[in-house]
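Heads up, the thing below is written out as structure tokens.
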Amino acid sequence: MKSKRFVIPLLIFFSLFLYGAFAIYGNISGTSPGTDTSQASHLISPVEAWNLIQKNKNNPGFVILDVRTPKEFFGGRISGAKNIDFYAPTFKDELIKLDKSKTYLVYCRSGVRSKAAATLMISLGFKHLYDLEGGFLNWKKSHLPITKGGQ
């Protein structure tokens, strides 16, 4: 009899825990059940990113956004990338200045900062976002071209 008294509260606890975990995951990933996924960023491989860049080579509505530090940026980057430092105190202000109607390919070193940046950009009203899977490390690992030095 005593064990039954603990089973129901335990089931309620686990149900609430799973519900909370699902709700949190939905918010972190940029989507939640029943939302419009057209506002989420699309995770793409380096080869897909390269093809996207080639397709948009002369498109002024396409921007490659590097969210690494300036030191990382000048050490090597994807050609044509614009740098806005994720760690800068003005990062959000710099994003707000960008044209929300353009398409952005966002990347960082390994994919962590770019995911956070894309999530922030979605919350600011950007709708056309691609996030480079594995970041610049994965780009280099795929033997795709890089540029070094000044912009």
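Report the net charge of residues surrounding residue 144, where surrounding means a beta-carbon distance below 12 angstrom and charges are Lys +1, Arg +1, Asp -1, Glu -1. All intermediate terms of the calculation are to be shown ahead of the outcome.
On the way: positive: 77, 140, 141; negative: 48.
Combined, the nearby Lys, Arg, Asp and Glu give +2.
5 Å is the cut-off here: which amide hydrogens, built 1.01 Å from N in the peptide plane, fall below it relative to residue 42, excluding neighbours closer than 5 in sequence?
Sorted by chain and number, the residues that satisfy this are 129, 130, 131.
Add +1 for every Lys or Arg and -1 for every Asp or Glu among the other residues with Cβ under 12 Å from the Cβ of residue 74, and state the total. Please report the intermediate quantities before stating the final value.
Numbers: positive: 68, 71, 77, 148; negative: 66, 72, 85.
Charge balance in the 12 Å sphere: +1.
Using θ = phi - 60° and the Karplus form 6.51 cos²θ - 1.76 cosθ + 1.60, what ³J(HN,Hα) does each residue of segment 141-148 get, whole Hz, x for Gly and Pro?
Result, ordered by residue: 4, 7, 6, 8, x, 10, 10, 10 Hz.
Step through the residues of segment 99-113 one at a time and calculate ³J(HN,Hα) from phi using the Karplus curve (6.51 cos²θ - 1.76 cosθ + 1.60, θ = phi - 60°), rounding each to whole Hz and writing x for Gly and Pro.
Here the 3J(HN,Hα) series is 6, 5, 7, 7, 9, 10, 9, 9, 8, 9, 6, 10, x, 6, 5 Hz.
Please arrange 139, 50 by how many other C-beta atoms lie within 10 Å of their C-beta, fewest to most.
On the way: 139 23, 50 17.
Going from least to most buried by this count: 50, 139.
Just to verify a number: FRET efficiency for residue 58 and residue 87, C-beta to C-beta distance, R0 = 30 Å, to 0.05?
0.40
How much net charge surrounds residue 124 when only other residues with a Cβ under 14 Å from its Cβ are counted (Lys, Arg +1; Asp, Glu -1)?
Working: positive: 92, 97, 100, 102, 127; negative: 93, 94, 99.
Net charge in that neighbourhood comes out at +2.
Which entries in 82/127; 57/127; 71/97; 55/82; 71/92; 100/140 show an alpha-carbon gap greater than 27 Å? Don't skip to the answer; put the middle values down first.
Details: 82/127 18 Å; 57/127 20 Å; 71/97 23 Å; 55/82 18 Å; 71/92 20 Å; 100/140 29 Å.
Correct reply: 100/140.
Readers should treat all values here as calculations from the given coordinates under stated rules, not as data from a laboratory. Please read all numbers here as calculations on a predicted model, not as lab measurements. Note: ideal-geometry Cβ built from the backbone for every residue, glycine included; neighbour counts use all protein chains shown.
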